[in-house]
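Note sheet for the following structure.
The values are calculated or read from the model by the stated rules, or taken from the named source; none is laboratory data. On a predicted model such as this, the values are computed, not experimentally measured, just so you know. In this analysis, Cβ positions are derived from the backbone assuming ideal geometry, glycine residues included, and neighbour counts consider all displayed protein chains. Heads up: the accessible areas ignore ligands, DNA and RNA and are worked out on the full protein's heavy atoms, side chains in. Shrake-Rupley method; radii C 1.70, N 1.55, O 1.52, S 1.80 Å.
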Amino acid sequence: MPPFVPTRRQILPLATGALFAGSAAQAATLDVRAFGAQGDGRHDDTDAIQRAIEQASVARGIVWLPPCDTSQGKYWRLTRPLFLRSNVTIAGEGPNSLLYNDRRESTTFMDQAVILPGNYHPEFLNTIEFDRARLIGPGTNTLEIANPNKRYAANQTVFVRSQDYDPARPTVSISSFTLICRVLAAHSGKILVDRPIVFGGPLVVAPADGQVAWRRIGDPSRCFVCIDAKLENLSIRSNGFWTGDTAARGCRFTNLFIESRVGIYGNLFQECVWKNIDLTFDRLAIELACNSTDVLVENLKAKMSRDLESPTHQIIAIQESARRCMVRNFFVDADAFTKTAPVVRFGPSSHCALLDGKILCKQARGAMISFDTGVARVEHNQVRNVSFHGNSAATGIAFEPRLQGDVSDNHVDQVRIEGLATAEAARIGGSNNIISNSYLTGDRLVVLSGAANCIVKGSAIPNKVVNSSSDSEAVKFLGNQTH
């Protein structure tokens, strides 16, 4: 399998910021104090900051959060989530520009979000009224809408979605592809959107409404998408998630100091960048899921403060039809993690990568890296130049299809897994999966039933192999050193 090389189309716009509209030098800067925010750690600043965001959304403005004297217990106090609007930048001056949701009575994670770029989850998306659509020509950006109506207009944001539902989870539909699009023109039962539709088959389309009112319980009535927004130079604290359930396109989150239950959490994040993140978390460092595509997470320093008794979780999860997502240049201290769940999990995903990092996980009791799935595909993913330090894990690397799922063409290269004694160095199943140039501790390798055309090469591995496959050539061992 050739090495993972992102295309210029995938990464260059992320690195250059070409996707992000507006110029900070030209945008109006709005001081939240002018809208009534006090930043004293006692008064509720939520409404004032939200008013500044609404005003900034009119003219692609910057909402400025001056630094507070955090040593005296002062901060910008929130008691409920903020809605981040499209084309808005929220900027501060570093750790003392502190947004803090200090409300503690809620029993749900989402109800204590600090910033809520949107409100998307596949199950929620199923509650939206979609119209049938037909793509006019393959790979084009013109859709013909069945039963034309007046729901579509220029400059509107819409969801374009495939109808290939996951039969095992019909209400969640994690395998359905979804794109966030802007409407360029709408007339005569046709809409022209600002990107080519790259998936075929039956299509549906629906408007993404401007806002969804926050609710404690019950089904959402509308969905809200954030486009071309930025968060810069802020400190963020929350007793729950800091982003909540989300949908975003072309957004940048840079130079952030985050203390929350979950750090980087993207549902339907498309063409977004997270860069220079200093994170303290107690559940998940990163989750990219639910049709997140072309996401770059770069320069992450994270520490797990404690391990909650529930729920079961991972440290890094890339799953639910994530595509072309990359995490690189990272350090995660997860020595507090004691779960049997994988430290790193690739669920249904494709062409995603974990590059150039180190994870401390001495108490983890599951797999260090797991490629696994239910009724879906985990394919063409890569982990390269990443080290794991664990003493209690059951498995180093697992390529393990489940149910009718397919785990194929995944590549682990230059990975070092230290500290495993009586563990499985690897569980090798699926097809065309590769381990190369790696150092694996443990006392055995396990070849699973159904494995086909897999390779372990140029690596340091245990000398014991347990073969559960009827094919003695299911895994080829080439140029390895045993211990």
* Report yes if Arg306 is in contact (Cβ under 8 Å) with a residue 24 or more places away in the chain, under 12 Å from the mean Cα position of the chain (by Cα) and surrounded by fewer than 24 Cβ atoms within 10 Å (Cβ to Cβ), otherwise no. => no
* Inside the stretch 19-100, counting only strands (runs of 3 or more DSSP E) that do not spill past its ends, which hold 2 or more residues that are under 21 Å from Phe257 (Cα atoms) and open to solvent by 40 Å² or more (accessible area, probe 1.4 Å)? -> none
* Asked: List, please: which pairs have Cβ atoms under 8 Å, are six or more places apart or on different chains, and start with a residue in the stretch 34-50 that is in contact (Cβ under 8 Å) with a residue 12 or more places away in the chain and within 21 Å of Gln72 (Cβ to Cβ) and end with one that is part of a loop (DSSP other than H, G, I, E, B) and of a type in the set (Asp, Glu)?
  -> Gly36/Asp45; Ala37/Asp45; Gly39/Asp45
* Test Arg237 against the stated conditions and say whether it is closer than 26 Å to Asn96 by Cβ and part of a loop (DSSP other than H, G, I, E, B). => no
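Residue by residue, here is whether (1) touching a strand residue (DSSP E or B) at 6+ places or on another chain (Cβ under 9 Å); (2) β-branched (Val, Ile, Thr); (3) open to solvent by less than 30 Å² (accessible area, probe 1.4 Å) holds:
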{"site": "Thr280", "(1), (2), (3)": "yes, yes, no"}
{"site": "Ile316", "(1), (2), (3)": "yes, yes, yes"}
{"site": "Cys325", "(1), (2), (3)": "yes, no, yes"}
{"site": "Val343", "(1), (2), (3)": "yes, yes, yes"}
{"site": "Pro348", "(1), (2), (3)": "yes, no, yes"}
* Taking the stretch 426-470, which residues are of a type in the set (A, V, I, L, M, F, W, C), touching a Leu at 6+ places or on another chain (Cβ under 6 Å) and more than 20 Å from His483 (Cβ to Cβ)? -> none
* Asked: Does the stretch 353-375 contain any residue that is part of a loop (DSSP other than H, G, I, E, B), modelled with pLDDT under 95 and over 16 Å from Leu440 (Cα atoms)?
  -> yes
* **Test set (1) in contact with a Pro (Cβ under 9 Å, 6 or more places away or on another chain); (2) among the hydroxyl-bearing types (Ser, Thr, Tyr); (3) open to solvent by 20 Å² or more (accessible area, probe 1.4 Å) - Ser321 fails condition number** => (3)
* Asked: Would you pick out the residues in the stretch 103-148 that are modelled with pLDDT of 85 or more and in contact with a Lys or Arg (Cβ under 8 Å, 6 or more places away or on another chain)?
  -> Val114, Asp131, Ile136, Asn141, Thr142, Leu143, Glu144, Ile145
* How many of the residues in the stretch 385-412 are buried (at least 20 other Cβ atoms within 10 Å of the Cβ) and touching a residue at least 60 places away in the same chain (Cβ under 8 Å)? -> 3
* Asked: Within the stretch 432-442, is even one residue farther than 24 Å from Glu473 by Cβ, under 26 Å from the mean Cα position of the chain (by Cα) and modelled with pLDDT of 95 or more?
  -> no
* Return the only residue of Gly405, Gly458 being modelled with pLDDT under 95 and over 17 Å from Val343 (Cα atoms). => Gly405
* Asked: How many residues are over 17 Å from Asn433 (Cα atoms) and either of a type in the set (S, T, N, Q) or not in a loop (DSSP other than H, G, I, E, B) (or both) when one looks only at the stretch 386-399?
  -> 6
* Asked: Given the structure, is Val465 among the aliphatic types (A, V, I, L, M), more than 29 Å from the chain's Cα centre (by Cα) and closer than 19 Å to Pro342 by Cβ?
  -> no
* Would you check if there is a residue in the stretch 414-423 being open to solvent by less than 10 Å² (accessible area, probe 1.4 Å), under 23 Å from Phe331 (Cβ atoms), among the aliphatic types (A, V, I, L, M) and assigned to a loop (DSSP other than H, G, I, E, B)? => yes
* **Single residue of the stretch 225-271 satisfying the filter (within 15 Å of the chain's Cα centre (by Cα) and without any contact (Cβ under 8 Å) to a residue 40 or more places away in the chain) that is most open to solvent (accessible area, probe 1.4 Å)** => Tyr265
* To do: Looking only at the stretch 76-90, decide whether some residue is of a type in the set (Lys, Arg) and at pLDDT 95 or above.
  => yes
